[in-house]
Amino acid sequence: MERAMLGRVGICCTLLALALQVCLASVMVKVTPEVEVIKGETIKLPCSYTTSAPDSSIMVLWSIEDSGTRKQIAYKSSEGSGIEDVSGMKGRLTMGSDSSLTISPVTVEDDRAFFCQVTAKASGFSENKTQVKVFFAPEKPVVKGNDQAIAVSHDTKISSSEVAKCISRNAFPQPHIIWFKDAMPVPKENNQKNETYMRPSVVKEASGLYTLTSTLYMQPVKADARSVFHCTVVYKMPNNQTKQESSDKFNLLLLYSAENVFFQLKNQGPIKEGDNVLMKCETDGNPQPEFEFYKEDKALNGLKGMLEMKNVTREHAGTYRCEALDFDALEDVLLSKTLNLSVHYLDPMAVTPEGPLYAAIGDTVEFQCKTKSSDKYTQQWIKDSEVLSTTGVLTLQPVTLANAGVYICVGEVPSVPGLQKQANVSLVVTGAPAIDDPVNGFVDKEGGMVTLKCSAFGHPAPQFTWTPSGKESVTVVGNKVISTVTLEASAAVLKNGVICEASNDYGRDIKTFKVSIKSDPDKASDSNAVNRVDKQQGGSSAVVIAVVVCVLLLVVLVAMLYFLSTTKKLSCGKKNKNNGASGDIKCEKTSEKDNEESVLFKNNQNTEQC
């Protein structure tokens, strides 16, 4: 009995131990909870596991949920591995030796949960899931329908009009659209009772991507014609990024009646006779109405709001009126505008006396110039670009040959650029010719050719005679006649020169032109060098002579000293009063030493040497 009881206890303990072992057995599966990827890229979903007890029979199974049903897509066990034929996934899946699942390329259908399940006979089974998130940036949004004209109405009961549609194609996940007016977002409203609202619509393409359309409705006012609109699509990208893409900007094409008329002169600056004038009339309505132009109730022909007048005169000055024919405008709106046109003028210059005027040398001549103008004007008398008078009167007294020529009277209105008139008058001065001071000629050597010009005033035009003669030509510059001659510089020409004689009916004038040989700069330099050498030699000779004279004098002095040192010399002197009578003279022989001392030194004693 006791043995039976002990046997039952042992069996119960064994069964309890087996049950406890089974209960404590487990499998741990580790995956990446979330993976983000761009459509078209490749992703790898890792799957690793641990078991509480060694087991040689382990199966790894990857699956997905489709329409609420779990579907197996790949597996691996000790007996082998495989990829299931799941629609849309076969050919894109690969299962690695490390139990990871690779998807390439990723499509938007892969945006789902992937389950990795591990089964071990000894340890049981377990699973974990990876959430795959797929992203794809949309195309740049496009605005359509914004080119249609919209009528602006003052009636608030009229419903809002469709303004434009913003279309954003091929995005994932689904984006959203924001409208902007003048860089400010338009409040997002879907209620049609509002004056401004949007109506969105979404289409899922066969590719799984989303195409989003947002239609903007408004009750536009006239000011909206100057506003700038655009739309922006906002979408998600990996790493919690929010990005956006904007459409091109556009304006609304609005139709509205005119409230004001603008009439202006397009010319810049004052208008003068001869100008072309352009006037423009326009309103603040759209489209622009027809226009009519008047000048003091006289109808004028204009075209599309433009009134053009060519080559205007002072008769065109006056008041002009423009009328806009906008029949949709409010009754109390005045659609008419006027402007005043001023045309500045300057009459042609009238010169008295009329030319050509003939005068003799010494006469007095007076020119007068008159005109009329719409403004203050100035007058100038000009000859050869030199202003001679700033009034309408020019007096020449006494008249000389140099006064002959063309005089111009210029009238100008300083306040109107380009308004200028002028008149010419010619003065002819009769008299004997007067030759200008001659300009001498030079040649390199005798027999060379020299060209001389002799110019003279005078009327009638003077005739020239050259002595000696040569090849001559005559030209006229203004009221001066110039004769040019080319001839040989003979010995007679170099000595006597060349004579030019100018003569007409009133007399003649004669001038002599000298002709010289040019000095040679090289020869002049050589001559100067010779002179410098002569001066240097002359100076050197003087120095040599002075040295020779000094040497001769020194020789003579030495000879005299030598002679005195070899001969006896008497010393003559007066006796000192202490030594005897003052009239006694004592001559003594002196030694050579005393003689030299007497010659070279002066004694302080009262003695004389002979």
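Conditions tested, residue by residue: (1) among the charged types (D, E, K, R); (2) in the same structural domain as SER52 (by TED's automatic domain parsing).
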position: ILE103; (1), (2): no, yes
position: ALA122; (1), (2): no, yes
position: SER126; (1), (2): no, yes
position: LYS129; (1), (2): yes, yes
position: ASP147; (1), (2): yes, no
position: HIS154; (1), (2): no, no
position: ASN170; (1), (2): no, no
position: HIS176; (1), (2): no, no
position: LYS181; (1), (2): yes, no
*Could you pull out the residue among PRO220, PRO200, PRO185, PRO173 that is over 30 Å from TYR345 (Cβ atoms) and exposed (fewer than 13 other Cβ atoms within 10 Å of the Cβ)?*
PRO185
_Tell me whether the stretch 437-454 contains one or more residues that are under 25 Å from THR400 (Cα atoms), out of contact with any Ser or Thr (no Cβ under 8 Å at 6 or more places or on another chain), loosely packed, with under 14 Cβ neighbours inside 10 Å and of a type in the set (D, E, K, R)._
yes
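Would you mind stating whether LEU307 is in contact (Cβ under 8 Å) with a residue 24 or more places away in the chain, under 30 Å from VAL413 (Cα atoms) and not acidic (Asp, Glu)?
Numbers: in contact (Cβ under 8 Å) with a residue 24 or more places away in the chain: yes; under 30 Å from VAL413 (Cα atoms): yes; not acidic (Asp, Glu): yes.
So LEU307 passes the test.
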*Which residues, taken from the stretch 229-251, are surrounded by 15 or more Cβ atoms within 10 Å (Cβ to Cβ), under 25 Å from VAL132 (Cβ atoms) and out of contact with any His (no Cβ under 9 Å at 6 or more places or on another chain)?*
LYS236, GLU245
*Inside the stretch 434-480, can you point out the residues that are touching a residue at least 60 places away in the same chain (Cβ under 8 Å), closer than 23 Å to LYS518 by Cα and part of a strand (DSSP E or B)?*
GLY441, PHE442, VAL443, VAL450, LEU452
*Which of the residues belonging to the stretch 176-210 are in contact with a strand residue (DSSP E or B) (Cβ under 8 Å, 6 or more places away or on another chain) and over 26 Å from SER160 (Cα atoms)?*
LYS204, GLU205, SER207, GLY208, LEU209, TYR210
*Inspect the stretch 481-493 for any residue being part of a loop (DSSP other than H, G, I, E, B) and either within 30 Å of THR400 (Cβ to Cβ) or among the basic types (Lys, Arg) (or both) and give the result as yes or no.*
no
*Do we find a residue being in contact (Cβ under 8 Å) with a residue 60 or more places away in the chain and not assigned by TED's automatic domain parsing to the domain that holds SER373 anywhere in the stretch 482-494?*
no
*Does the stretch 300-319 hold any residues that are assigned to a strand (DSSP E or B) and farther than 19 Å from ALA258 by Cβ, and which are they?*
LEU300, GLU308, MET309, GLY318, THR319
*Matching entry among SER227, SER247, SER257 (being touching a Cys at 6+ places or on another chain (Cβ under 6 Å) and of a type in the set (S, T, N, Q))*: SER247
*Report yes if some residue within the stretch 65-80 is in a loop (DSSP other than H, G, I, E, B) and among the acidic types (Asp, Glu); otherwise report no.*
yes
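Looking only at the stretch 195-228, how many residues end up being touching a residue at least 12 places away in the same chain (Cβ under 8 Å) and either over 30 Å from PHE135 (Cα atoms) or among the acidic types (Asp, Glu) (or both)?
Taking the stretch 195-228 first, the residues touching a residue at least 12 places away in the same chain (Cβ under 8 Å) are 195-202, 205, 207-222, 224-228.
Still in the running and either over 30 Å from PHE135 (Cα atoms) or among the acidic types (Asp, Glu) (or both): 195-196, 205, 217-222, 224-228.
Counting residues in the stretch 195-228 that are touching a residue at least 12 places away in the same chain (Cβ under 8 Å) and either over 30 Å from PHE135 (Cα atoms) or among the acidic types (Asp, Glu) (or both) gives 14.
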*Would it be correct to say that ASP147 is charged (D, E, K, R) and at pLDDT below 90?*
yes
*Return only the number of the condition from (1) modelled with pLDDT of 95 or more; (2) crowded, with 18+ Cβ neighbours inside 10 Å that GLY431 does not satisfy.*
(1)
*Qualifying residue in the stretch 150-167 (condition: surrounded by 14 or more Cβ atoms within 10 Å (Cβ to Cβ), touching a Ser or Thr at 6+ places or on another chain (Cβ under 8 Å) and closer than 30 Å to TYR49 by Cβ)*: no
*Provide a single number: the residues in the stretch 267-299 that are over 22 Å from GLU412 (Cβ atoms), in contact (Cβ under 8 Å) with a residue 12 or more places away in the chain, of a type outside the set (Val, Ile, Thr) and assigned to a strand (DSSP E or B).*
12
*asked:* Scan the stretch 430-452 and tell me whether some residue there is in contact with a His (Cβ under 7 Å, 6 or more places away or on another chain) and closer than 30 Å to THR378 by Cβ.
replied: no
*Report whether or not THR352 is surrounded by fewer than 17 Cβ atoms within 10 Å (Cβ to Cβ), hydroxyl-bearing (Ser, Thr, Tyr) and over 30 Å from GLY269 (Cβ atoms).*
yes
*Filter the strands (runs of 3 or more DSSP E) completely within the stretch 92-179 down to those with at least 3 residues that are touching a residue at least 40 places away in the same chain (Cβ under 8 Å).*
101-103, 113-120, 124-135, 161-171
*Sort through MET59, MET1, MET5, MET28 and tell me the only one that's modelled with pLDDT of 50 or more, of a type in the set (A, V, I, L, M) and exposed (fewer than 15 other Cβ atoms within 10 Å of the Cβ).*
MET28
*Please find, within the stretch 184-216, the residue that is farthest from ILE158 (Cα to Cα) out of those that are in a loop (DSSP other than H, G, I, E, B) and of a type in the set (Ser, Thr, Tyr).*
SER207
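Touching a residue at least 24 places away in the same chain (Cβ under 8 Å), outside any strand (DSSP E or B) and either under 28 Å from THR338 (Cα atoms) or within 37 Å of the chain's Cα centre (by Cα) (or both): does that describe GLU259?
yes
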*Do we have SER516 as outside any strand (DSSP E or B), in contact (Cβ under 8 Å) with a residue 12 or more places away in the chain and either crowded, with 19+ Cβ neighbours inside 10 Å or of a type outside the set (Asp, Glu) (or both) here?*
no
*Sole exception among (1) assigned to a strand (DSSP E or B); (2) under 30 Å from ILE150 (Cα atoms) for VAL333, by number*: (1)
*Looking at the stretch 79-91, which of its residues are under 22 Å from SER207 (Cα atoms) and surrounded by fewer than 18 Cβ atoms within 10 Å (Cβ to Cβ)?*
ASP85, VAL86, SER87, GLY88, LYS90, GLY91
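The values are calculated or read from the model by the stated rules, or taken from the named source; none is laboratory data. These numbers come from a predicted model, not from an experiment. When we count neighbours, we look across all protein chains shown, and the Cβ atoms used for this are built from the backbone with ideal geometry, even at glycine.
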